[in-house]
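**Q** One structure coming up, written as structure tokens, with questions to follow.
The values are calculated or read from the model by the stated rules, or taken from the named source; none is laboratory data. No experiment lies behind these values; they were computed from the predicted model shown. So basically every Cβ, Gly included, is an ideal-geometry build from the backbone, and we count neighbours across all protein chains shown.
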Amino acid sequence: MARNLRAEVCVGAAIFHGSRLLLLRRRDDLAAFPGSWDIPGGHVEEGESIVHALRREVAEETGLSIRVGTPFQAGLFEYPARRGRPIPTVEIDFLCTPRARVRPRLNPAEHTEFAWVAREKASRYPAPAFLRRIVQSAFSATRENLG
């Protein structure tokens, strides 16, 4: 018998400046994926559209305004819970570009560093396997969309 899966919805922004992808380093004291490198994004709030959530999360985490492009992947993962079982989470990731050439302003409550990373150097930024797959998918999607 099929089970009804209740899941949270998250969005992620693979923000490219030329051929480089913006990665953010999560604080070491965060409950979820401490110290790992990730793309900007987060949870979709009740009643919020996916695109609005993506723009809001990017602005909160980086101070950047973005152009939202095409979705390049979606996946299911388990988001660590503070107590109890992990939370099933569906993440939809989009290719994006910054609207202006500005330096990201990180939210110190969430991230400690940022880097604009070339494809060949992405593996140097530690992250859980599913986050590494998102980064590689983003680089592959930009190659496909740029021809």
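**Q** Hey, can you tell me all the residues within the stretch 81-93 that are modelled with pLDDT under 95 and either surrounded by 13 or more Cβ atoms within 10 Å (Cβ to Cβ) or under 21 Å from ALA141 (Cβ atoms) (or both)?
**A** Listed by number, the residues that qualify are ILE87, PRO88, THR89, VAL90, GLU91.
**Q** Taking PHE72 as the residue in question, decide whether it is in contact with a strand residue (DSSP E or B) (Cβ under 7 Å, 6 or more places away or on another chain), farther than 16 Å from PRO40 by Cα and touching a residue at least 24 places away in the same chain (Cβ under 8 Å).
**A** On the way: in contact with a strand residue (DSSP E or B) (Cβ under 7 Å, 6 or more places away or on another chain): yes; farther than 16 Å from PRO40 by Cα: no; touching a residue at least 24 places away in the same chain (Cβ under 8 Å): yes.
Against the criterion (in contact with a strand residue (DSSP E or B) (Cβ under 7 Å, 6 or more places away or on another chain), farther than 16 Å from PRO40 by Cα and touching a residue at least 24 places away in the same chain (Cβ under 8 Å)), PHE72 does not qualify.
**Q** Next up: Here is a list of conditions, (1) over 20 Å from VAL11 (Cβ atoms); (2) touching a Ser or Thr at 6+ places or on another chain (Cβ under 7 Å), and LEU131 meets all of them except one; can you say which number that is?
**A** Only one criterion is unmet by LEU131, namely (1).
**Q** Related question: For the stretch 1-16, name all the residues that are surrounded by 12 or more Cβ atoms within 10 Å (Cβ to Cβ) and either modelled with pLDDT under 95 or not in a strand (DSSP E or B) (or both).
**A** Within the stretch 1-16, ALA7, GLU8, VAL9, CYS10 qualify.
**Q** State all residues of the stretch 94-147 that are touching a strand residue (DSSP E or B) at 6+ places or on another chain (Cβ under 7 Å), surrounded by fewer than 18 Cβ atoms within 10 Å (Cβ to Cβ), farther than 13 Å from ARG25 by Cβ and among the aliphatic types (A, V, I, L, M); if no residue qualifies, say none.
**A** Matches in the stretch 94-147: ALA118 only.
**Q** Restricting to the stretch 94-130, give me the number of residues that are of a type in the set (D, E, K, R), touching a residue at least 12 places away in the same chain (Cβ under 8 Å) and within 21 Å of ARG143 (Cα to Cα).
**A** Looking only at that region, the number is 2.
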